[in-house]
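The values are calculated or read from the model by the stated rules, or taken from the named source; none is laboratory data. All values derive from a computational prediction rather than experimental measurement. Every residue, glycine as well, gets a Cβ built from its backbone with ideal geometry; the counts of neighbours run over all protein chains shown.
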Amino acid sequence: MTTFTQKDPVFVVVQLSGGNDFMNTLVPYSNPAYYDNRKFLNIAEEDVLPLDGTLGWHPEMAPFKELYDKGMVSVVQGIGYPDSNRSHFRGMDIWHTCAPDEVSTIGWLGNVIEQLDPRGENPLTGVNFGVGLPRAMSKAGVPVTSVSNLDEYGLMSGISAQQQRVQALQIFKDMYGQAVGSGPVMDYLSRTGMDVLSGADLIKVAPQQYESTVEYSDNPIAKSLRDVARVHTANLGTRIFYTQQGGYDTHANQLPTQPGLFRDLSRAVNDFFADLEEHDADENVVMLIFSEFGRRINDNGSGTDHGSGGGAYLVGKPMAGGLYSEYPSLERDKWEKGEDLAHTIDFRGIYGTVIEQWLGLEAAPIVYGNFEQINPFRAN
Amino acid sequence: MNTNELALKAHLLRRAGFGASRSELESISDKSYEEIVEDLVHPERFEEIDEDYLKRYNPELSYHDGHPIHAGRWIWRMINTKRPLEEKMALFWHHVFATAHYKGDHTPSTIGQIEMFRENGLTNIRQILIDLSKDPHMNYWLDNCENHSDQPNENWGRELLELFSMGVGNYSEDDVKQAARAFTGWTFEQPLPLYPYGHYESKFVFNESDHDNSEKTFLGRTGNFNGEDIIDIICEERATALFICRHLYNFFVEDEPQIPAWSIEPPRNPEAVDAMIDILMSNEGELRPVLNYMFNSDFFKNSFYKKVKNPSELVAGTLKLSGRYAVVPAEGENVGTLYNTAAVMGQALMNPPTVEGWHTGHEWIDGGTLNERVNFAVNQFNDVSSPGFEDILGRLGSAVKSVDLVDKCLDLIGPIEVGDETRQALSKYAEEVGDLELSTDEDRAENAKKIARMIQLIVATREYQFA
């Protein structure tokens, strides 16, 4: 493992929900096969932001390219897994659980959080921003905190009078705090209630302490990443953050949709790291940006349908930057299922890379096997 | 009506419906428990809910551009219907035959399927499976429109057997293929093109020229089967009756393990499920006799607060108590928001996560969803002018003694039974507020908030998370 920093390593996951079109993210503009197969939905050569003479970023990703040019982005090309499942939910489940052959309820980050905090002492070891806990973070007995609105997070937040809210919270604590042993479900409820209570109590300092000159844009992913920054810079011991940006399911109208998403995303990620840098809190943070699958090689005239291989991005100061694995072949006989980009590296190898080389844990018990890893981190 | 009888009826209405306010319980006080069960399984005895006011206040319901407002309308129906089991069975079948809006993005089909469950949900397994096989929303969801005689698509055939009728382990891979062949040519058509007409209802069509007319062997029987024949055969199987009865038990009586475990773990109460299977099979798949038996059984009557409420039950049940979102909506009540209310608790109605449906029981609960559940229920009693709270206040009479406050409120909210530690914590609050005078308007104005706080604490309990 790199010992880039003395601080505990922190890992931020950004999930692009819906299946992002990798071919129009990192565009193989020098390859005629790209224009042959993407007749309608292509990015013209003069519009891409060139990266190395063969590939170029989507024109709306300038702020992201800026990070790449600083060496802060290690791109994982062709990420996927064998026999990719094109269902969003099943596909996402597989990414969340590392279990392609069974329906599992144990998330890979649930396992990670359990190892980082085996006795569940800090309910903020893992924090999700968004509605509903992603399965990636869930594991029975592992407390995590899921926040939909950081400024109003917490039980009884609708009781406006402060004194009465404090009183209500004390009674809530009395009701949930007893180890009753009246059945596993009741006990589970007690534990969950107490975790919510203590998590909310701890996390509420974050918005109070935070100050920054970085002005994030007004959109969901920017808001979420600002929340991550607010909690991270409050030093509450959070090691795993999770959030998502929706809208990538571009079966139709991809041309007007995807650029807006990229604009929001790349600006937000750039602002996030600038914010962390301002707080001298960026050296121990690595971000993974992924999506549940790539999209079909041929467009459908308006959008692209669900595909297989895609791309992922590891971002942060500790990264060595550059391109990893191989860009999936555009030659027709190499296509997966006759119509998708074939994956060139298994996502479980990328998780393993983060788990072992960044978080310092053993990967095999978490991703259920040994998968090829990459070396995307900067040598010390 | 003695307390036990009242509690039992309240239990029945929480499970077979979405709960009941004290006034509703009183309105049926002259009926016996058994008569109420009869009424529940015969919703046609009661008037259908009138949506006129709702549509007047929510003109966007006339458009078919998005499903959330219609999912909200569904919750509004759960709150206000005079036919609670009709809506509950629609929710039941929506759990079992999980079909999501996100794939087809076609609102008329999405809401049409729920309407179908309302109409056929209490009929007969065979009828329901045949209707389901012809439902355009399901047809598109499981790709049967891509199931062609020269190129079968197995998705529907597989899920019909695995998730909708028999369950894993009761058929072979070859049976899946044969079932798929029998359903070739079962597709749908759009009467009007999407552009410029927008979303109009799709209709089932049987495309004979695309149907595989050759011989099939399915579950040991051979013939030139069509889809109906496959369903006839499925309905003869005890495995199907077991699957349906276990679902009913899981949904109405007691939380079972998650469905993927059913092929390994036996039912919680095998005798109960066996008895239900026998009734279902001897009545040729008719559901009313099974439901009648189930609701009147001791195992049902003894299952008080044994099930974790699903988010729809929590939302609709709490709003029934607060009297909000009534037939005539009050100002500021936008039914569309109810969709999101349940969605943040993990149940986006009309959008289950996968064809396997929602994970239920304690899996409804995590840190995020518990926070949402508690805050939602608590917030419904911030406003002491809500009709439901005013009713509760009125029932407390001209004064309430501190020592009685907990019991009286627990009674009016359920009756709900709580554990000792919950009772102690609530009693501590009751002691702090002391005896409360309610005889004059000034007294009531002063003390209503304190009583509302007690209700808020009760709906924040662990016990309230259960039905």
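Laid out as a table, the results:
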quantity	calculated
Some residue of the stretch B:263-271 being within 14 Å of chain A (Cβ to nearest Cβ) and either assigned to a strand (DSSP E or B) or of a type outside the set (A, V, I, L, M) (or both)	yes
Test: residue in the stretch B:155-174 that is charged (D, E, K, R), surrounded by fewer than 22 Cβ atoms within 10 Å (Cβ to Cβ), touching a residue at least 12 places away in the same chain (Cβ under 8 Å) and touching a Pro at 6+ places or on another chain (Cβ under 6 Å)	no
When residues of the stretch B:305-335 are limited to those that are more than 18 Å from B:Asp391 (Cβ to Cβ) and of a type in the set (Ser, Thr, Tyr), the one surrounded by the fewest Cβ atoms within 10 Å (Cβ to Cβ)	B:Tyr305
Residue selected from the stretch B:203-229 under the condition in contact with a Gly (Cβ under 8 Å, 6 or more places away or on another chain) and closer than 24 Å to B:Glu189 by Cβ, by the criterion surrounded by the fewest Cβ atoms within 10 Å (Cβ to Cβ)	B:Ser209
Selected residue [assigned by TED's automatic domain parsing to the domain that holds A:Gln245 and surrounded by fewer than 22 Cβ atoms within 10 Å (Cβ to Cβ)] from A:Ser160, A:Ser182, A:Ser104	A:Ser104
Breaking point among (1) surrounded by fewer than 18 Cβ atoms within 10 Å (Cβ to Cβ); (2) farther than 30 Å from A:Phe22 by Cα; (3) assigned by TED's automatic domain parsing to the domain that holds A:Arg296; (4) of a type outside the set (Asp, Glu), for A:Thr233	(1)
Meets criteria (at pLDDT 95 or above and either of a type in the set (Ser, Thr, Tyr) or in contact with a Cys (Cβ under 9 Å, 6 or more places away or on another chain) (or both)) for B:Ala272	yes
Any hit, the stretch A:204-218, residues being within 14 Å of another protein chain (Cβ to nearest Cβ) and either small (Gly, Ala, Ser) or surrounded by fewer than 18 Cβ atoms within 10 Å (Cβ to Cβ) (or both)	yes
Only one of A:Leu124, A:Leu116 that is aliphatic (A, V, I, L, M) and either touching a helix residue (DSSP H, G or I) at 6+ places or on another chain (Cβ under 8 Å) or within 13 Å of chain B (Cβ to nearest Cβ) (or both)	A:Leu124
Residue in the stretch B:347-362 that is at positive phi, in contact (Cβ under 8 Å) with a residue 40 or more places away in the chain, more than 13 Å from chain A (Cβ to nearest Cβ) and buried (at least 20 other Cβ atoms within 10 Å of the Cβ) present	yes
Residues of the stretch A:51-106 classified as of a type in the set (S, T, N, Q) and within 13 Å of chain B (Cβ to nearest Cβ), total	5
Total residues in the stretch B:410-428, condition surrounded by fewer than 22 Cβ atoms within 10 Å (Cβ to Cβ) and within 14 Å of chain A (Cβ to nearest Cβ)	11
Residue match in the stretch B:366-376 (condition: closer than 28 Å to B:Leu161 by Cβ and charged (D, E, K, R))	no
Boolean, B:Arg22 is closer than 28 Å to B:Tyr464 by Cβ, crowded, with 21+ Cβ neighbours inside 10 Å and of a type in the set (D, E, K, R)	no
Residue in the stretch A:176-189 that is more than 7 Å from chain B (Cβ to nearest Cβ) and in contact with a strand residue (DSSP E or B) (Cβ under 7 Å, 6 or more places away or on another chain) present	no
In the stretch B:429-467, the residues that are within 12 Å of another protein chain (Cβ to nearest Cβ) and of a type in the set (Gly, Ala, Ser)	B:Ala430, B:Ala452, B:Ala460
Test: B:Asp420 is more than 18 Å from A:Lys173 (Cα to Cα), among the acidic types (Asp, Glu) and without any contact (Cβ under 8 Å) to a residue 40 or more places away in the chain	no
Elements of type helices (runs of 4 or more DSSP H) in the stretch A:175-287, at least 3 residues being under 24 Å from A:Ala136 (Cβ atoms) and small (Gly, Ala, Ser)	A:184-203, A:220-233
Residues (part of a helix (DSSP H, G or I) and either at pLDDT below 90 or facing chain A (nearest Cβ under 10 Å) (or both)) located in the stretch B:337-346	B:Asn340, B:Ala343
Single residue of B:Ile49, B:Ile75, B:Ile36 found to be in a loop (DSSP other than H, G, I, E, B) and among the β-branched types (Val, Ile, Thr)	B:Ile49
Residue count, the stretch B:82-128 (criterion: of a type in the set (Ser, Thr, Tyr) and part of a helix (DSSP H, G or I))	4
Residue list for the stretch A:129-155, filter: of a type in the set (S, T, N, Q) and at the interface with chain B (Cβ under 7 Å from one of its Cβ atoms)	A:Ser138, A:Thr145, A:Ser146, A:Ser148
Residue in the stretch A:128-148 that is part of a loop (DSSP other than H, G, I, E, B), buried (at least 23 other Cβ atoms within 10 Å of the Cβ) and hydroxyl-bearing (Ser, Thr, Tyr) present	yes
Residue that is farthest from the other protein chains (Cβ to nearest Cβ), among those in the stretch B:363-382 that are free of Cβ contacts under 8 Å to residues at least 24 places away in the same chain and surrounded by fewer than 22 Cβ atoms within 10 Å (Cβ to Cβ)	B:Asn375
Any chance A:Ser30 is farther than 26 Å from B:Trp262 by Cβ and at pLDDT below 90	no
Qualifying residue in the stretch A:290-298 (condition: in a strand (DSSP E or B) and under 25 Å from A:Val144 (Cα atoms))	yes
Failed condition for A:Thr304, given (1) in contact with a Gly (Cβ under 9 Å, 6 or more places away or on another chain); (2) surrounded by fewer than 24 Cβ atoms within 10 Å (Cβ to Cβ); (3) polar (S, T, N, Q)	(2)
Boolean, B:Ala452 is modelled with pLDDT under 95, part of a helix (DSSP H, G or I) and outside the structural domain of B:Asp255 (by TED's automatic domain parsing)	no
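For (1) at positive phi; (2) part of a loop (DSSP other than H, G, I, E, B); (3) surrounded by 13 or more Cβ atoms within 10 Å (Cβ to Cβ), each residue gets a yes or a no:
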residue	(1), (2), (3)
A:Phe11	no, no, yes
A:Tyr29	no, yes, yes
A:Tyr35	no, no, yes
A:Glu46	no, yes, no
